[in-house]
1. Collect the residues in the range 156-172 that are of a type outside the set (Gly, Ala, Ser) and within 18 Å of the chain's Cα centre (by Cα), keeping them in residue-number order.
2. Can you tell me which residue is surrounded by the most Cβ atoms within 10 Å (Cβ to Cβ) among those in the range 188-205 that are part of a strand (DSSP E or B), charged (D, E, K, R) and more than 21 Å from the chain's Cα centre (by Cα)?
3. How many residues does the range 53-72 contain that are in a strand (DSSP E or B) and modelled with pLDDT under 95?
4. Any residue in the range 207-220 that's on the phi > 0 side of the Ramachandran plot: show its pairings with residues that are among the acidic types (Asp, Glu) at Cβ separation under 8 Å, as long as the two are six or more apart or on different chains.
5. Among Ser225, Ser251, which is at pLDDT below 95, closer than 18 Å to Thr56 by Cα and surrounded by fewer than 16 Cβ atoms within 10 Å (Cβ to Cβ)?
6. Pairs please, first residue from the range 131-145 and hydrophobic (A, V, I, L, M, F, W, C), second anywhere and not in a strand (DSSP E or B), Cβ atoms under 6 Å, 6+ apart in sequence or on different chains.
7. Residue under question is Asn208, and the condition is that it be assigned to a strand (DSSP E or B), surrounded by fewer than 17 Cβ atoms within 10 Å (Cβ to Cβ) and touching a strand residue (DSSP E or B) at 6+ places or on another chain (Cβ under 6 Å); does it hold?
8. Find the strands (runs of 3 or more DSSP E) located wholly in the range 92-187 whose residues include 3 or more that are modelled with pLDDT of 90 or more and surrounded by 15 or more Cβ atoms within 10 Å (Cβ to Cβ), and list them.
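The values are calculated or read from the model by the stated rules, or taken from the named source; none is laboratory data. This one's a predicted model, so the numbers in the text were calculated from it and none came from an experiment. No Cβ is skipped: glycine too gets one built from the backbone with ideal geometry, and neighbour counts run over all protein chains shown.
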Amino acid sequence: MKKLSSLIALTLLLVTPSFAQDSMGLYLASRYGGSPLEITELSMDVSIVGDRAITTLDFTFYNKLDNVLEGEFKFPLQSGQSVYRLALEIGNQLREAVIVEKNKGRESFEQIVRRKFDPALLEQTAGNIYTTKIYPIPGKGTRRVVIGLEESLVANEDSYSYEFPLNFSGMVDHFNLSINSDSSQKPEAKLTSTELSFNLSDSLHSSNLTQTQFAKGQDLEILISHYTPNPPWSDSRKIVLPEACISGVKSPWKG
């Protein structure tokens, strides 16, 4: 069994919200003013198989101050979404979260802190907002946070739809978007008023977008016509979806 010092503790607890912000981002602790840190880079990957979607967001935050700081990562979930992955960069290496029992979550967190390792305790507050404390945030340095979500697409009369509000805490210096779908028909997608184009290769529809100074408050919308998908492990499709990365959680892609 892995030592506690090598794990990132993850548990879901209902607690009273202590903040007003509902935009996703990394906020400084209240004693440092509570302002959001700059998002220097964000990579967003959306993988769709049939009527299921996996969304992975890879954030890099920058601390422009000289001091080592403590912060809190905040992420509001939409109805039907669930967290299947959480990872923090520790020593230039991503550490994946693991499930711990609810009543052991804070105990594990405190034990890891006492060993002077950097844990993460993911908590669910009222309003379906998830938070995790981040420490240390190095002076003039960056911290990377990865969160993965899974959900069922909304079924309409003749299509499935996916919507994701990109309500970040501020401007994103570098934004990368990747969409992959194994649908038989070409998806329709737009980022607010910008139509996204798709390329077809090996039965996989793909769209990629890179922008600098990406403004917050935009919405990503994808529409996919109904079809009968091949199973995600079929050799005839090239899309590969991740297994659940949290120990003890059944993969959403297998029965």
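1. So in the range 156-172, the residues of a type outside the set (Gly, Ala, Ser) come out as 156-158, 160, 162-168, 171-172.
Of everything in the range 156-172, those that are of a type outside the set (Gly, Ala, Ser) and within 18 Å of the chain's Cα centre (by Cα) turn out to be Tyr162, Glu163, Phe164, Pro165, Leu166, Asn167, Phe168, Met171, Val172.
2. We begin by selecting, within the range 188-205, every residue part of a strand (DSSP E or B); these are 188-191, 194-196, 199-201, 204-205.
Filter once more, so that each one left must be charged (D, E, K, R): 188, 190, 195.
Narrowing the set further to residues that are more than 21 Å from the chain's Cα centre (by Cα) leaves 188, 195.
Details: Glu188: 15, Glu195: 8.
The qualifying residue surrounded by the most Cβ atoms within 10 Å (Cβ to Cβ) is Glu188.
3. Of the range 53-72, the ones in a strand (DSSP E or B) are 53-62, 69-72.
Cutting the leftovers down to modelled with pLDDT under 95 gives us 69-72.
Of the residues in the range 53-72, 4 are in a strand (DSSP E or B) and modelled with pLDDT under 95.
4. Gln213/Asp173
5. Values: Ser225 fails: closer than 18 Å to Thr56 by Cα.
Answer to the selection: Ser251.
6. Listed pairs, sorted by first residue: Ile137/Asn63.
7. Working: assigned to a strand (DSSP E or B): yes; surrounded by fewer than 17 Cβ atoms within 10 Å (Cβ to Cβ): yes; touching a strand residue (DSSP E or B) at 6+ places or on another chain (Cβ under 6 Å): yes.
So Asn208 fits the description; yes.
8. Numbers: elements: 93-99, 123-125, 129-137, 142-152, 159-166, 172-181.
Output list reads 142-152, 159-166, 172-181.
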